[in-house]
């Protein structure tokens, strides 16, 4: 082959190689996956937060007369006194609440030392074991008996509660402690709720606070109560409860002092619930504005030795609050639990509704339980309150 022909041949081959390579490249690209263009995604919306609800149970005075000590001794084992069996019938109601409030009316003694009953109490400290076992989460301590054993007794009571791990409010061992409101983080199904709890009393049965310790026990003063409520809210409290020890003893009606103070507290817009005690008898429930009031729960446990009178009848309340979409908590409804203290041995505090439903009367009669229910129902509704849970 001549050199010219050879050159022409190579040129043709080279051209063919270029064309074939181009075709192969195009074919490979046509078989490759097409690029996927993602649509512009819209911003994801966060799920609506679940609204919280909280159940708050309250009850009347824990007033430890000698007869209750004797029953605790009888119910105990190996010489240890046990107050729980007297109160156990109410445990399901108390322990099932998100927050359960007790009112400890009497100062506490040292274990085995100088127990005293009425009129200047120095009560057995074993009651703290029952308070915990029942499911109470805190105790108010401001009462007309707060100073029965002076500042030393007040201090001993607080130290006893703190050793038992029971939060408290209403009395204090220092000015610094008195200046801090009790704000509790209450765990609920949909998150914690901060609840501020205050405790105040109308007086101290003639005893006086030490002049340099006026902060040691809270006297009812609407200005001071509202100021403490505001402080609690500034520390995050979403619900504020004022435990008020007030009213005329042994009557199922409110007095002017109660109604005027309640009005002033309600007008402040700082108090959601007024939780009353002291009268040793049930008093009405009502609403003023956005404030809900139980003027008195009567006794949780006591031994006035009048088994047929209103002194033996009490009230446990269960308040259901729900969070509103716009913020804050509103009352949904209240459950009313009438109670009866059995005076005969064994002393027992009876859930009246449950007893009438189950037929377990703890030695009482059906007629007496029905009487307690009717009187309590009529009393709590005397001011027209109707927002009870179904």
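Please label the shape of the stretch 248-364 as rounded, prolate or oblate, based on the square roots a ≥ b ≥ c of the eigenvalues of the alpha-carbon gyration tensor (a/c under 1.5 means rounded; beyond that, a/b larger than b/c means prolate, else oblate).
Details: a/c = 3.67, a/b = 1.61, b/c = 2.28.
Verdict is oblate for the stretch 248-364.
Measure nothing but the geometry: give the 0 to 90° angle between the long axis through the Cα atoms of 66-75 and the longest principal axis through the Cα atoms of the chain, rounded to 10°.
Relative to the chain, helix 66-75 is tipped by roughly 60 degrees.
Grab the beta carbon distance between residue 308 and residue 330, set R0 = 30 Å, and tell me the FRET efficiency rounded to 0.05.
Details: r = 40 Å, r/R0 = 1.32.
Working from the Cβ atoms, E equals 0.15.
Can you tell me what share of the DSSP beta bridges in the stretch 208-363 is antiparallel? A percent to the nearest 5 is fine. Please report the intermediate quantities before stating the final value.
Numbers: 21 of 29 bridges.
Of those bridges, close to 70 percent are antiparallel.
How far, in degrees from 0 to 90, does helix 256-268 lean away from the longest principal axis of the Cα atoms of the chain, to the nearest 10?
Orientation of helix 256-268: about 20 degrees from the principal axis.
Taking R0 as 22 Å, what FRET efficiency do you get between residue 227 and residue 162 from their Cβ-Cβ distance, rounded to the nearest 0.05? Before the final figure, lay out the partial values.
Details: r = 25 Å, r/R0 = 1.14.
Once the sixth-power term is evaluated, E becomes 0.30.
Going by a ≥ b ≥ c, the root eigenvalues of the Cα gyration tensor, does the stretch 62-148 fall in the rounded group (a/c under 1.5), the prolate group (a/b larger than b/c) or the oblate group? Mind showing how you got there, number by number?
Working: a/c = 2.17, a/b = 1.18, b/c = 1.84.
In terms of gyration-tensor shape, oblate.
Hey, with R₀ at 30 Å, roughly what FRET efficiency would residue 234 and residue 287 work out to, going by the Cβ-Cβ distance, to 0.05? Numbers along the way, then the final one.
Numbers: r = 26 Å, r/R0 = 0.85.
Result of the calculation: an efficiency of 0.70.
Residue separation times 0.36 nm, minus the C-alpha to C-alpha distance between residue 251 and residue 190: what's the value? All intermediate terms of the calculation are to be shown ahead of the outcome.
Numbers: separation 61, 0.36 × 61 = 21.96 nm, distance 4.07 nm.
The span from residue 251 to residue 190 would gain 17.9 nm if fully extended.
Full-extension gain between residue 381 and residue 114, please, as 0.36 nm times their residue separation minus the C-alpha to C-alpha distance.
Details: separation 267, 0.36 × 267 = 96.12 nm, distance 4.24 nm.
Difference between extended and current length: 91.9 nm.
Please rank 383, 265, fewest neighbouring Cβ atoms within 10 Å first, as an exposure proxy.
Values: 383 16, 265 25.
The most exposed by this proxy come first: 383, 265.
Kindly list the residues of the stretch 306-324 that lie in the label zone of residue 345, defined by a backbone N under 19 Å from the point 7 Å along the Cα-to-C-beta vector.
From the stretch 306-324, the list is 306-307.
How many nm separate the modelled label positions at residue 388 and residue 354, each set 7 Å beyond the Cα in the direction of the Cβ?
It works out to 1.8 nm between the two label points.
For residue 370 and residue 260 in one chain, what is 0.36 nm times their gap in residues minus the Cα-Cα distance, to one decimal in nm? Mind dumping the intermediate values first?
Numbers: separation 110, 0.36 × 110 = 39.60 nm, distance 3.33 nm.
Using 0.36 nm per residue and subtracting the Cα-Cα distance, I get 36.3 nm.
Classify the stretch 193-327: rounded, prolate or oblate, from the alpha-carbon gyration tensor (a ≥ b ≥ c, eigenvalue square roots; a/c under 1.5 rounded; otherwise prolate if a/b is larger than b/c)?
On the way: a/c = 1.98, a/b = 1.25, b/c = 1.58.
In terms of gyration-tensor shape, oblate.
Arranged by the count of other C-beta atoms within 10 angstrom, fewest first, what order do 59, 296 take? Write out the running numbers ahead of the final one.
Numbers: 59 29, 296 32.
Result, fewest neighbours first: 59, 296.
Just from its helices, what would the mean residue ellipticity at 222 nm be for the chain, if runs of 4 or more DSSP H residues each count -39500 (n - 2.57) and the sum is divided by every residue, rounded to the nearest 500 deg cm²/dmol? Present the calculation step by step, with values, prior to reporting the outcome.
Values: 11 runs with 123 residues, N = 390.
After summing the helix terms and dividing by residue count, I get -9500 deg cm²/dmol.
Given the C-alpha centroids of the stretch 65-94 and the stretch 191-243, what is the distance between them in whole angstrom?
After rounding, the separation between the Cα centres reads 30 Å.
Relative to the longest principal axis of the chain, what angle (0 to 90°, nearest 10) does the C-alpha long axis of helix 222-234 take?
It works out to around 20 degrees.
Just checking my list (1) 22, 39, 23, 14, 2; (2) 26, 48, 8, 4, 6, 6, 2, 0; (3) 23, 40, 27, 10, 0 against P(r) over Cα pairs in 20 Å bins from 0, in percent computed from this structure; which label fits?
The listed entry that was calculated here is (2).
Roughly what % of DSSP beta bridges within the chain run antiparallel, to the nearest 5? Mind dumping the intermediate values first?
Working: 35 of 65 bridges.
In the chain, approximately 55 percent of DSSP beta bridges are antiparallel ones.
In what sequence do 183, 77, 374 fall when counting other Cβ within 10 Å, fewest first?
Numbers: 183 20, 77 7, 374 12.
Placing the least packed residue first, the sequence is 77, 374, 183.
Computed from the coordinates by the stated procedures, all read-outs in this text should not be read as laboratory data. Please read these numbers as outputs of a predicted model, since none were measured by experiment. Here the Cβ is made from the backbone with ideal geometry for all residues, glycine too, and neighbour counts use every protein chain on show.
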